[in-house]
Amino acid sequence: MKSTKKPVIFALLGLSLAISSAFAESRTWTDTQGRTVDAEFLGTEGAGPATVVKLKRADGQTFNFPIGNLSEADRLFVQSHLPKDPSALAAEIDKLVLNKMKESYYGLQKQLAELPQRTDLDAALKQKEKEKIERELEMCQPNQLTSDEQFLRRIYLDVAGRIPTYKEAEKFLASSDRNKRAALIDELLNSEAFVMHLFNYYSDLLRIRDGVVMMGNNTLKVDPYVEWVKASIRNDKPFNQMVKEMLTAEGQIWDNPAAGYLMTDDGMRLCNLSNTFTVFLGTEITCAQCHDHPFEEIYQMDFFRLASFMGQTETRGGRNDMMGGGNYRGEVDRMSKILKDAGKLRPNQNQDQQLGQIVGTYSYNVNDRDSNAVKLPHDYKYDDGEPNAPVKPGAYFGETVDLEKYKNPREAYADWMVSPSNPRFTINLVNRLWKQCFGVAQIEPVFNIPG
């Protein structure tokens, strides 16, 4: 199992979009007023609008340049030369965090020193403010480097989902290899324990439980879907590829296991839209199913235009599409009788539950019809549409979707969902993994990122 991406996911969590590089190149730089200077690019400090570009002229003089003062071409150059190597990223993250902690620490010390001279607070409020500043000062102090014992326990829990065995602990603690921590991380990321630990997280995210899809469809046996998710983790499949495969899957689950995702919400096309947006985009749009959202810029029309992307998709092909013909109940009864006659069922058991799930799964088939089933509700009351009117697929943010380029609207929807230009897909993934690793996300709640 490859581990090139996993250390980045678990050590950096996508912060490469905001961190600087020690890349050097001589070029002409231009500011927003048209002034130029020939200098080498040494890297950046800070993040976002506060990013400072570090430049060095031929005479050796170095200076910092606010990124907002650079021309658009130079800003794009800086963005394209951010670090991609995991080690460089980790070093830059450490620098950024330590600099921010120092900045906060000295700022708090200044506040504490000036507190006695403040005239806007009485003695009681000054004491309360003093205690608050002192607590924040403690938080600015970096923790001590973990001992081998602490590291061992934490890395097993975080990556493998369990504590180490006695033999594993003994082997690690007895090693004098300076790189033993990095070696252990690689070992765990390439283990089945990592696969199972991340699968448990994905199974919560995708609502998989005990091999049975749990959305009222407990007659479905979806072991192939479960194994597909595990194999995707094991083979280090990119998350955007997983999502695209789930949204575009066709056929029965035995032939195309990724179809299990759409089968989860069989017969509930609008619920699937809400769940998909929550899970993959960190966006809660359920309110707009019934009315314009009261707090977000999404309207009921937007909701149904999004739903229309999946309007041609069906998840149940009918009993005639399964093996053995259309007599589903008769087929289950026939095979159950064979099991009972062979003594494979308990004396008081007439039907095998597992058999019913397996046979029943053959009646589900993800496919696309020629007509679009999505229409506005019968009680639609807004001026931009009529009740029961058909709706053309469309997205209310991100790039405009050109349906003519795709075989069906569902493929267009999947491409739009995972596109690098989609402002929410990557943010949602990073935010969710951050919460998984550290307990609290950068943006809470993870299922409804503001904006």
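We did not get these values from a lab; they are worked out from the coordinates using the rules stated. This structure is a prediction, so every number in the text was calculated from the model and none was measured. For neighbour counting, all protein chains shown are included, and Cβ atoms are generated from backbone atoms with ideal geometry for every residue, glycine included.
Which whole number of Å³ per residue matches the convex hull of the alpha-carbon atoms in segment 148-190?
Enclosed volume per residue, from the Cα hull, is 61 Å³.
Can you list the residues, at least 5 places off or on another chain, whose amide H is less than 5 Å from the amide H of Gln442, using H built in the peptide plane?
Placed amide hydrogens put Lys435 under 5 Å from Gln442.
Calculate the FRET efficiency for Glu138 and Val440 from the Cβ-Cβ distance with a Förster distance of 25 Å, rounded to the nearest 0.05.
So, using R0 = 25 Å, E works out to roughly 0.85.
Can you work out the FRET efficiency for the pair Lys167 and Ala193, with r the C-beta to C-beta distance and R0 = 22 Å, to the nearest 0.05?
Using R0 = 22 Å, I get an efficiency of 0.90.
Cut-off under 29 Å on the C-alpha distance; same-chain residues fewer than 8 positions from Lys435 excluded. Which lysines are left, in chain and number order?
Filter leaves Lys2, Lys5, Lys6, Lys84, Lys95, Lys100, Lys102, Lys132, Lys180, Lys230, Lys237, Lys244.
Modelling each spin label as a point 7 Å along the Cα-to-Cβ direction, I'd like the Arg209/Lys56 distance in nm, to one decimal.
In this crude spin-label approximation the distance works out to 6.0 nm.
So how compact is segment 361-451: Cα radius of gyration and Dmax in angstrom?
When restricted to the Cα atoms of segment 361-451, Rg and Dmax are 17.7, 48 Å.
What spacing in nm lies between the two simple spin-label points modelled at Lys405 and Ser175, each 7 Å away from Cα in the Cβ direction?
That separation, rounded to one decimal, is 4.7 nm.
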